[in-house]
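The values are calculated or read from the model by the stated rules, or taken from the named source; none is laboratory data. None of these values were measured; they are calculated from a predicted model. Cβ placement follows ideal geometry from the backbone for every residue including glycine, while neighbour counts extend to all protein chains displayed. Accessible surface areas use protein heavy atoms only, side chains included; no ligands, DNA or RNA. Shrake-Rupley method; radii C 1.70, N 1.55, O 1.52, S 1.80 Å.
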Amino acid sequence: MDFNRIENNLSMAYISKASGGFISRNTNLFNKIKLNDLNLTILEKSVMGTPIFKFGDKGNSILILSGIHGDELPSQLASLNLINELVNADLKDTIYVIPFAAPFATMYNKRKFKNVDLNRSSHLPHSLSGKIIQAIKELNISFVGDFHSSALNSNPGYEAVFSRRFPAIESFIIASYISQYMGSQVIDMPKAGQFYKGAIEDECNLLGIPTVTCEVVSPFGEIEKGSSEKSLQQMKTFLAYFGI
């Protein structure tokens, strides 16, 4: 995967060039974005496909992922804000951020990407989420945080962090750490792939890559007040587990 430098310690590559979309057309998200030069560049790159951004080049390789469901907006805004904070940071680890997993789905404020639920299809190599899994393997990423939002009366419908005990027990340890500092309720599954086949978290844990899924509460297709800030704090707490 070829990364091109954008500025300072920030570089970018594409996961796919068949998934691009105009984030600006999703006004529920776009109207919340600070239109600085960096964010405008990220939005421009997202028209062409699914961008992955890289900070640093040492230590652990850690991925922050959002937008697997295009209508779960708080975490996508949070990822943009995290990128803005990381761009001038002195990092001891390598951090990757995918702010918009499927810009096309985000553009239309749709859960699925072209009628495919990306969190049930990552076990399929030619699906978009399957390509994200391939990138995780190619980049030797050691840990993954997948960030979502959940509406009331949906699954789970409250602030939570999902983990899997087997085969990557550190998934549960990371989830417990986030819960300790955030209060997010741990939803612990005994075995990856048992309940949510094709979920990013399950497929990564099956590969032995400790992965958690963090949820904040917000109506689908909207950003409830405080929800993006809560998602950003989950991301920072996830990174704090590694001393970042």
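Structure notes:
- Spin-label model, ASN31 to ASP188: label points 7 Å out along the Cα-to-beta-carbon direction sit 4.3 nm apart.
- Gyration tensor verdict on segment 1-143 (Cα atoms; rounded if a/c is under 1.5, prolate if a/b is larger than b/c, oblate otherwise): oblate
- Distance violations [Cα-Cα > 18 Å] among LYS34/LYS225; LYS92/LYS230; LYS112/LYS197; LYS54/LYS110: LYS92/LYS230; LYS54/LYS110
- Gained length - ASN155 relative to GLU85, 0.36 nm times residue gap less alpha-carbon distance: 22.1 nm
- Note, ³J(HN,Hα) from phi for segment 155-160, Karplus 6.51, -1.76, 1.60, rounded to Hz, x at Gly and Pro: 9, x, x, 8, 5, 7
- Taking a point 7 Å from the Cα of ILE169 along the Cα-to-Cβ direction, the residues of segment 207-235 with backbone N closer than 16 Å to it are 208-211.
- Rounded accessible area per residue of segment 1-79, 1.4 Å, Å²: 41
- 3J(HN,Hα) couplings calculated from phi for segment 111-118 with the Karplus curve 6.51 cos²θ - 1.76 cosθ + 1.60 (θ = phi - 60°) are, in sequence order, 4, 9, 9, 6, 6, 10, 7, 5 Hz; Gly and Pro show x.
- Apportionment of accessible area to carbon and sulfur, segment 85-222, percent (1.4 Å): 52
- Between LYS17 and MET1, the contour length at 0.36 nm per residue exceeds the alpha carbon distance by 4.5 nm.
- The alpha carbon gyration tensor of segment 123-204 gives principal lengths a ≥ b ≥ c with a/c of 1.5 or higher and a/b greater than b/c, which makes the shape prolate.
- Look at the Cα gyration tensor of segment 78-169: its axes a ≥ b ≥ c give a/c under 1.5, and that counts as rounded.
- Label corresponding to Kirkwood radius over Cα pairs in Å when calculated from the structure given, among (1) 18.2; (2) 21.0; (3) 17.3: (3)
- Residue by residue, segment 189-206 carries 3J(HN,Hα) couplings of 9, x, 8, 5, x, 7, 10, 10, 4, x, 6, 3, 4, 5, 5, 5, 5, 5 Hz when phi is fed to the Karplus relation 6.51 cos²θ - 1.76 cosθ + 1.60 (θ = phi - 60°); x denotes Gly or Pro.
- Using the 1.4 Å probe convention, the accessible area of segment 187-244 works out to 40 Å² per residue with neighbouring protein chains retained.
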